[in-house]
Amino acid sequence: MSEATQPDRAESERIAEAIGRIVPALEEFNSYQGQDLAALNRATWTNALDEPLPLHGAGLDAVLQELAETVIPHGLRIGSPGFSGWVTLSPSTAGTAAALASTMAGAQRYFIQPFNLLEKVALNWLAELLGLPGEMQGIFTSGGSVANLVGLGAARQRAFETIGHDAARDGLPPDVRWRLYGSSEVHHVVLRAAGVLGLGRRSVAGIETDADHRINLRRLSETLAADRAKSILPVAIVASAGTVNTGAVDPLEQMADIAAEFSTWLHVDGAYGLFGVLDPRVAPLYQGLERADSAAVDPHKWLAAPIGCGAAFVRDRDLLARAFTTEPADYLEGSIGAPECRSPYDDLGEPYHHLGIEHSAPSRGVRVWAILKEIGAEGMRERVIRHNDFARHLAARAQQEERLELLMEPTLSICCFRYRQPQMDEQELDDLNEQIVQTLHAEGELVPSTTRVGGKLAIRPCYINPRTTLAEVDGLADRVLALGDALR
Ligand SMILES: Cc1ncc(COP(=O)(O)O)c(C=O)c1O
């Protein structure tokens, strides 16, 4: 038989059977029962999986068996109810089902098909949910890193266009100095975005914060004024709407005033905290959001969409297109466009490949659409309020308990606290709290992260997980007390 008539070795059918084979392992994993053996069994699964490249292939059955027996049981339990570390989690069920659906039926987000439409529908829903202005158009990205990159890419385009230069087309001009401005609490991906955009990580001025970890407005104005005197081009002011360390929300309204005064761009990094606007108790902190030029938000955080889902919103979509266009290509735009649209391939649909940095990309809108369709705006509001309540509840306990100390009043769903004993010095307290958290991680039931608040090591749960209940919140306080007593 010639090679041309050989069937491919990859199975492209037997879908129900294949998924059915791994579903029991996934159900078991999703119950988060028993001990987390991933680290303890590391040698076992490493030996099983880190094999030489197979020459002939082992076939689908061998793959499914390995997935069910070795990979899934040792998966990452960041969806477990007691996990509150960092700002990351496993998706809820609707998002998981939508991801599976789009993997097969919406493998590309273009052309005349529902997955293209759902990108737009979901972006519009998100904008409405978050109170972003109607003219702000979005694009889904792989997460907050790229959402910030896209927003700042648009800012870069605008800033250099004001001096008659097309930065996306011609690169950055010589003989011009520029700067971006954010607080010392901006997420480090903002610095990387500046690096990737050719602006340089060091071009981001890290303005000091006030006692509430919000940007110091006076210092921001002074820095901009001093730079203006030196003819430094202001590319953007970056506001954090929910810092990753403490959840502090920068004063957006005043930052919008300052951006207007210095004719510069206001970008809001709300990757984690933009959903906080849904809680009426903190919604006033977001006043001024409607004046932002761009904003980043991550559905794969508080909305519990599958990982790989951020969104950037930019007020001026033409600018976004100028910043990110790939220029029409013969093989793509040149090969479609029959006016009657009788085939899906007669129209690309929304041209997302000209508005961000990905050409091919998974359909992410369907995942956000599925979650919002399931729980509605009110479901999301209830979640945000519940999680903010968790942080406040824990803060109240930390204030009541002698041996706990609240290091900062929570703004959103992050609570920074620590175990304490009056006779211990700062270094001893840092060491003890670090030991407590390391023990919690080893136990695997209640898993917060740590950060530093005012130089002190803080235990930092961040509540975004729909599976978490008050039992895990109280459980964390109880366990920290018990461990602190035992370890000190
Ligand atoms: C405020 C903020 N910005 C940006 C990011 C980066 O997002 P991602 O991890 O989705 O790239 C994070 C992640 O935690 C964040 O909290």
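The values are calculated or read from the model by the stated rules, or taken from the named source; none is laboratory data. Predicted, not measured: the structure shown is a model, and the values here were computed from it. All Cβ positions, even for glycine, are placed from backbone atoms using ideal geometry, and neighbour counts span all protein chains on display. Note: areas computed on protein heavy atoms with side chains; ligands, DNA, RNA excluded. Shrake-Rupley method; radii C 1.70, N 1.55, O 1.52, S 1.80 Å.
Residues that are surrounded by 11 or more Cβ atoms within 10 Å (Cβ to Cβ) and of a type in the set (A, V, I, L, M) were ranked within region 24-55; the one that is farthest from ILE72 (Cα to Cα) is LEU40.
To keep it simple, each residue is scored yes or no on (1) in contact (Cβ under 8 Å) with a residue 60 or more places away in the chain; (2) within 16 Å of the ligand (Cβ to nearest atom); (3) aromatic (Phe, Trp, Tyr); (4) closer than 18 Å to ILE207 by Cα.
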| site | (1), (2), (3), (4) |
| --- | --- |
| ALA248 | yes, yes, no, yes |
| PRO251 | no, no, no, yes |
| ALA271 | yes, yes, no, no |
| ARG281 | yes, no, no, no |
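When LEU180, LEU149, LEU100 are checked against the criterion of being over 22 Å from LEU278 (Cβ atoms), open to solvent by 10 Å² or more (accessible area, probe 1.4 Å) and within 16 Å of the ligand (Cβ to nearest atom), a single residue qualifies: LEU149.
A quick yes/no check of all residues on (1) in a helix (DSSP H, G or I); (2) among the small types (Gly, Ala, Ser):
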position: ALA94; (1), (2): yes, yes
position: ALA99; (1), (2): yes, yes
position: THR103; (1), (2): yes, no
position: GLN108; (1), (2): no, no
position: ILE112; (1), (2): no, no
position: LEU117; (1), (2): yes, no
position: LYS120; (1), (2): yes, no
position: TRP125; (1), (2): yes, no
position: LEU129; (1), (2): yes, no
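Contact map, region 126-147: residues that are at pLDDT below 95 paired with residues that are open to solvent by 10 Å² or more (accessible area, probe 1.4 Å) and within 16 Å of the ligand (Cβ to nearest atom), Cβ distance under 9 Å, separation 6+ or inter-chain. No pairs are found.
Rundown of residues vs (1) in contact with a Phe, Trp or Tyr (Cβ under 7 Å, 6 or more places away or on another chain); (2) in a loop (DSSP other than H, G, I, E, B); (3) among the aromatic types (Phe, Trp, Tyr); (4) open to solvent by less than 10 Å² (accessible area, probe 1.4 Å), yes/no style:
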site: ILE237; (1), (2), (3), (4): yes, no, no, yes
site: SER240; (1), (2), (3), (4): no, no, no, yes
site: ASN245; (1), (2), (3), (4): no, yes, no, no
site: ALA259; (1), (2), (3), (4): yes, no, no, yes
site: SER263; (1), (2), (3), (4): no, yes, no, no
site: LEU274; (1), (2), (3), (4): no, no, no, yes
site: PRO280; (1), (2), (3), (4): no, yes, no, no
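Considering region 442-460, the residues that are touching a strand residue (DSSP E or B) at 6+ places or on another chain (Cβ under 7 Å) and touching a residue at least 60 places away in the same chain (Cβ under 8 Å) include one that is nearest to ASP389 (Cα to Cα), namely ARG460. Restricted to region 371-474, the set of strands (runs of 3 or more DSSP E) holding at least 2 residues that are of a type in the set (D, E, K, R) comprises 456-460. Looking across region 287-319 at every residue that is open to solvent by less than 10 Å² (accessible area, probe 1.4 Å) and in a helix (DSSP H, G or I), the one that is nearest to the ligand (Cβ to nearest atom) is identified as LEU289. Residues in region 176-190 that are touching a helix residue (DSSP H, G or I) at 6+ places or on another chain (Cβ under 7 Å) and in a helix (DSSP H, G or I) were compared, and the one that is farthest from ILE163 (Cα to Cα) is VAL189. Looking only at region 191-235, residues that are β-branched (Val, Ile, Thr) and either open to solvent by 50 Å² or more (accessible area, probe 1.4 Å) or not in a strand (DSSP E or B) (or both) come to 3 in all. Could you look through region 152-168, keep only residues that are touching a residue at least 12 places away in the same chain (Cβ under 8 Å), of a type outside the set (Asp, Glu) and surrounded by fewer than 16 Cβ atoms within 10 Å (Cβ to Cβ), and pick out the one that is farthest from the ligand (Cβ to nearest atom)? Top of the filtered list is ILE163.
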